[in-house]
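To keep things clear, I will list the structure first and then write my remarks on it.
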Amino acid sequence: MNTLGRALADTEARRVRLLGEVAHELRTPLTVADGYVEGMIDGVVEPSTQRLGQVAEELRRMRRLADDLSLLSRAEEGRLGLHLAPLDLAVVAGAAAERLRPQAEDAGLDLEVDRPTDPLPLTGDADRLAQVVTNLVGNAVRATPPGGRISVACGRDGGDLLTVSDTGEGLTQGDLALVFERFYRVPGARAGAGTGIGLPIARGIVAAHGGTLTATSAGRGLGATFTVRLPLHS
């Protein structure tokens, strides 16, 4: 009974925290959009393409948050509805990483994509697995200062895996224990660090494929590595 009581209390605490975090994430775009619209209605702010574009961007931000929360909920409940088909993990991961090359180069980063010569066959949802790579590489771009390096590698190294490594901000042991929690962001992270939903979504997608997603880091300022292990065909 004591164990059950603690579990229920923990569940309730997570529910309350989640509601507070969602409210916090929605408050800023709502405040910005509401301020512009009220100013235009009162005649204090002149309607313009630029201001209407800013309102539209805040609305898109809220839409992205709602979509991410819906996806996270389905992932945690095992309701992703994967479209499974034979695929080559190296091809899917490489293509997803290459799509972010312009973003990495704009940030002054060197993006290395190492593809094995042998295929890495598995049955999975190519779009969802590409989303995992996109989340991991996107996080690495945001966490790595100009002049840094991001490495994406696929291969069989004591197991079947995909790694995304960076030379960025790194993670403490405390961060590693929390980095896959919803809305968790590393203390002191730079502006634009995201909502803290991408990693939980990525882990849910990998778990739905029967795999694992883990993080390692030598400490703050020493970069981080995220490792995906998936059951490949022999």
Ordering of 149-155, 79-85, 106-112, 96-102 by packing [mean C-beta count within 10 Å, highest first]: 149-155, 96-102, 106-112, 79-85
Share of carbon and sulfur in the accessible heavy-atom surface of the range 56-169 [1.4 Å probe, %]: 50 percent
Relative contact order of the chain, pairs being alpha-carbon contacts under 8 Å that are 6 or more residues apart, as %: 18 percent
Rounded, prolate or oblate (a/c below 1.5 giving rounded, otherwise prolate when a/b exceeds b/c) for the range 55-169 by Cα gyration tensor: oblate
Simple spin-label estimate for Ala9 and Arg63 in nanometres, 7 Å along Cα-Cβ: 4.4 nm
More than 15 Å apart - percent of Cα-Cα pairs taken over the range 33-102: 73 percent
Residues with amide H under 5 Å from that of Gly124, placed H, sequence gap 5 or more: Ala85, Leu87
Share of alpha-carbon pairs per 10 Å distance bin for the range 137-180, given as whole %: 25, 44, 31, 1
Sequence-distant residues sharing a close amide H with Asp114 (under 5 Å, placed H): Val152, Ala153, Cys154
Helix runs (DSSP H) in the chain reaching 18 Å along axis by Cα, Kyte-Doolittle at least -0.5: 2-42, 126-143
Whole-number accessible area per residue in Å² for the chain, which is evaluated in the context of all protein chains at 1.4 Å: 55 Å²
Among Ser70, Leu162, Ala56 the positive-end extreme of the charge dipole of the chain (Cβ point charges): Ser70
Built amide H within the under 5 Å cut-off of Gly168, gap 5+: Gly223, Ala224
Alpha carbon convex hull of the chain, projected area averaged over orientations, nm²: 16.5 nm²
Ranked by how many other beta carbons lie within 10 Å on average, peptides 40-46, 59-65 from highest: 59-65, 40-46
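The values are calculated or read from the model by the stated rules, or taken from the named source; none is laboratory data. Predicted model, so just to flag it, every value in this text is computed and none were measured. For neighbour counting, all protein chains shown are included, and Cβ atoms are generated from backbone atoms with ideal geometry for every residue, glycine included. What goes into the accessible areas is simple: the full protein's heavy atoms, side chains included, and nothing from ligands, DNA or RNA. Shrake-Rupley method; radii C 1.70, N 1.55, O 1.52, S 1.80 Å.
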